[in-house]
């Protein structure tokens, strides 16, 4: 059963526009949530990690929110660049797992066009 | 900076072939993980280990063996590779800190 759902599955925006990616999860108990950026066929690059019950983070043009009560996170990208074209993956850490189990979403494919 | 390396970065083999994927971490981490990534799926856990000589089964272990020879080295073995094992494989390590799993760059495996 998929415990991390991301939406939309794919998204096309014009360079300079803003966009919002969504992540809903059912992992219980949840520990933290991390957003990764993955260029096609490449490794995972961490963008931000959210930890608190209601958390906000900012990393340059990337900002994120987490609401653990709603089990929902958003990733905002402002003033998109062509280099933002990638898959963005939401990952939730399972606090009930001694092995540090992570639950991965399937990702949102973002395409930025000129 | 935590470091996880994987080799080879790309591998092509034939059905029934024998493949070993290697992972090394220089972080002195206890936990190491092997994942596979396929289109439409999140990363899925194949095997993991919490120390040299220890092996644990993940969520999609069929067709895979693993071996943790040292604290640093974790290997994934495909003894009879099948086309369904064509995938992008990631290795990761984690220390005592719960928030951090460090990922390697990935190995692209193609089974013809």
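Scan the stretch B:37-56 residue by residue and report those that are more than 21 Å from residue B:100 (Cα to Cα) and within 14 Å of another protein chain (Cβ to nearest Cβ).
Going through the stretch B:37-56, the residues more than 21 Å from residue B:100 (Cα to Cα) turn out to be B:38-41, B:53.
The answer is B:38, B:39, B:40, B:41.
Just one of the listed residues (A:49, A:112) is buried (at least 16 other Cβ atoms within 10 Å of the Cβ), farther than 13 Å from residue A:4 by Cβ and within 10 Å of chain B (Cβ to nearest Cβ), namely A:49. In this structure, residue B:80 does satisfy being over 14 Å from the mean Cα position of the chain (by Cα), assigned to a loop (DSSP other than H, G, I, E, B), surrounded by fewer than 14 Cβ atoms within 10 Å (Cβ to Cβ) and more than 14 Å from every other protein chain (Cβ to nearest Cβ).
Residues considered: B:15, B:39. Of these, the only one that is in a loop (DSSP other than H, G, I, E, B) and modelled with pLDDT of 95 or more is B:15. Does residue A:69 fit the bill of being within 14 Å of chain B (Cβ to nearest Cβ), in a loop (DSSP other than H, G, I, E, B) and touching a residue at least 12 places away in the same chain (Cβ under 8 Å)? Here the answer is no, as residue A:69 does not meet what is asked.
If a residue must be closer than 16 Å to residue B:102 by Cβ and assigned to a strand (DSSP E or B), how many such residues does the stretch B:23-36 contain? Steps first, answer last, please.
Taking the stretch B:23-36 first, the residues closer than 16 Å to residue B:102 by Cβ are B:23-35.
Applying the additional criterion that residues be assigned to a strand (DSSP E or B) yields B:23-25, B:31-35.
Selection size over the stretch B:23-36: 8.
Within the group B:20, B:39, which residue is within 11 Å of the chain's Cα centre (by Cα) and exposed (fewer than 15 other Cβ atoms within 10 Å of the Cβ)? Lay out the reasoning, then the answer.
Numbers: B:39 fails: within 11 Å of the chain's Cα centre (by Cα).
Every option except B:20 fails the conditions.
Counting just the residues of the stretch A:87-103 that are within 9 Å of chain B (Cβ to nearest Cβ) and part of a loop (DSSP other than H, G, I, E, B), which one comes out nearest to residue B:55 (Cα to Cα)? Walk me through it before giving the result.
Keep residues of the stretch A:87-103 that are within 9 Å of chain B (Cβ to nearest Cβ), which gives A:89-91, A:93, A:95, A:98-103.
Right, trim to part of a loop (DSSP other than H, G, I, E, B) and you get A:95, A:98-101.
Working: A:95: 21, A:98: 15, A:99: 12, A:100: 15, A:101: 15 Å.
By that ranking, first place goes to A:99.
Across the stretch A:22-36, the number of residues qualifying as under 26 Å from residue B:105 (Cβ atoms) and surrounded by 21 or more Cβ atoms within 10 Å (Cβ to Cβ) comes to 5.
Name the residue that is farthest from the other protein chains (Cβ to nearest Cβ), counting only residues in the stretch A:52-66 that are surrounded by 14 or more Cβ atoms within 10 Å (Cβ to Cβ) and within 29 Å of residue B:31 (Cα to Cα). Only one residue fits best here, namely A:65.
Note on the stretch A:88-101: among residues that are crowded, with 20+ Cβ neighbours inside 10 Å and touching a residue at least 24 places away in the same chain (Cβ under 8 Å), the one that is farthest from residue B:48 (Cα to Cα) is A:88.
Among the conditions (1) more than 21 Å from residue A:29 (Cβ to Cβ); (2) within 10 Å of another protein chain (Cβ to nearest Cβ); (3) assigned to a strand (DSSP E or B), the only one that residue A:106 does not satisfy is (3).
The values are calculated or read from the model by the stated rules, or taken from the named source; none is laboratory data. None of the values given here were measured: they were computed from a predicted structure. In this analysis, Cβ positions are derived from the backbone assuming ideal geometry, glycine residues included, and neighbour counts consider all displayed protein chains.
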